[in-house]
Amino acid sequence: MIRNLTRRQREVLLLAANGNTNAAIAAWLGVTPHSIAEILSAAYRRLGASDRAQAVAIALAVGELGVHQIHVPERQQEAA
């Protein structure tokens, strides 16, 4: 059964969905990386997901995250 995410879980999952590491999210929010891992684990359980990618996919499918909130990274220039 999928349950709604908390505001904090949604915030952290969105930051993860946009390519940020747990350490980067922790620094941004002023908490520890362990706290971020715990928040994400709780989000996975609520969504019935087993990992970050599946959690993002489910969150998009059920409307917890919007596709417009996911930013496509700029293309990297290949070294000559």
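See the values below:
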{"item": "Which labelled figure in [x] 40; [y] 61; [z] 37 is percent of Cα pairs over 18 Å apart, once derived from the coordinates", "result": "[x]"}
{"item": "Calculated FRET value between ALA27 and ARG52, using beta carbons and R₀ = 25 Å, to 0.05", "result": "0.90"}
{"item": "Neighbourhood net charge (15 Å Cβ-Cβ; Lys/Arg +1, Asp/Glu -1) for GLY48", "result": "+2"}
{"item": "Exposed-loop-free span, longest in the chain, where trypsin sites (Lys or Arg not before Pro) count as exposed if DSSP calls them loop and at most 15 other C-beta atoms lie within 10 Å", "result": "4-74"}
{"item": "Dipole of the chain, positive direction: furthest Cα of TYR44, ASN22, VAL72, with charges on the beta-carbon", "result": "TYR44"}
{"item": "Carbon plus sulfur fraction of accessible area for the chain, probe 1.4 Å, in percent", "result": "54 percent"}
{"item": "Magnitude of the charge dipole, the chain, Cβ model with Lys/Arg +1 and Asp/Glu -1, debye to 20", "result": "340 debye"}
{"item": "The chain: calculated mean residue ellipticity at 222 nm from DSSP helix runs of at least 4, using -39500 (n - 2.57)", "result": "-17000 deg cm²/dmol"}
{"item": "Mean Kyte hydropathy of -1.0 or more with a Cα span along the axis of at least 20 Å, helices from DSSP in the chain", "result": "33-47"}
{"item": "Mean separation of Cα contacts under 8 Å (6+ apart) over length of the chain, as relative contact order %", "result": "35 percent"}
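The values are calculated or read from the model by the stated rules, or taken from the named source; none is laboratory data. It should be emphasised that the depicted structure is a prediction, and the values quoted were computed from it without experimental measurement. Positions of Cβ are generated from backbone atoms using ideal geometry, with glycine treated the same way; all protein chains shown enter the neighbour counts. Note: areas computed on protein heavy atoms with side chains; ligands, DNA, RNA excluded. Shrake-Rupley method; radii C 1.70, N 1.55, O 1.52, S 1.80 Å.
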